[in-house]
Amino acid sequence: VYGPFGTFEGGREKVPAAACRKMIEYKLGQIDEIEIWGDGNQVRSFTYINDCLTGTMKLLDTDFHFPLNIGSSEAVTIRALYDQVAIVAGLDPKQVKYKYVLSAPQGVRGRSSDNTLCNEVLNWEPNTRLDIPNGNTKISTEGSRNPRLSSNLLTLKREHFGCCNSRIIYDRNK
């Protein structure tokens, strides 16, 4: 699950937010390479928070009393996610230097949602695509809940980092 007000740093952030944060750090020259746990070929699906809430509300309006997956069926590799974020950041994904940490935890090889039952029960499935470069999701790049990021700010000019926290702002002096 990703969306506005999600954790953006500190090791507890979700992969989309971490990808955005790392790409900004890379673009600003704060890091020389982007560390990805595993080989980047792990497959994941990411569901936008509004889709989770919509699906939950639709489920509450039914008489269905069994587990139901309302996750996104759109699957993407971790590397493809990072490449999408690079494009939005104005970088050529082929020029971004990645460091694959094969000894780090990577989770299962693939994880995505089968929405067959969700479609049958709710006549609905999550519809927010993780198509970052085409701007299918939005992000505000103003304001910060983190006081150490509040001075000498550099904000991204793009408005469609929808996979990330809604408050992406970086301190140039960090």
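Extension gain for the segment Leu102 to Leu60, taken as residue separation times 0.36 nm less the Cα-Cα distance, is 10.9 nm to one decimal.
Rounded to two decimals, the Cα-based Rg/Rh of the stretch 6-74, with Kirkwood Rh, is 1.13.
For the stretch 50-124, the percent of C-alpha pairs falling in each 5 Å distance bin, counted from 0 to the bin holding the largest distance, reads 3, 12, 18, 14, 13, 13, 11, 9, 5, 2, 0. Using a simple spin-label model with pseudo-atoms 7 Å out from Cα toward Cβ, Thr77 and Asp39 lie 0.9 nm apart. Taken over the C-alpha atoms, the stretch 1-130 has Rg and Dmax values of 16.7, 54 angstrom.
Quick check on packing: order 55-65, 76-86, 14-24 by the mean number of other C-beta atoms within 10 Å, highest mean leading.
Working: 55-65: 11.7, 76-86: 21.3, 14-24: 22.9.
Result, highest mean first: 14-24, 76-86, 55-65.
FYI, it's all coordinate maths here, none of it is from the lab. Predicted model only: the values in this text are computed from it and were never measured. Neighbour counts are summed over all protein chains in view; Cβ atoms, including those assigned to glycine, are modelled from backbone coordinates with ideal geometry.
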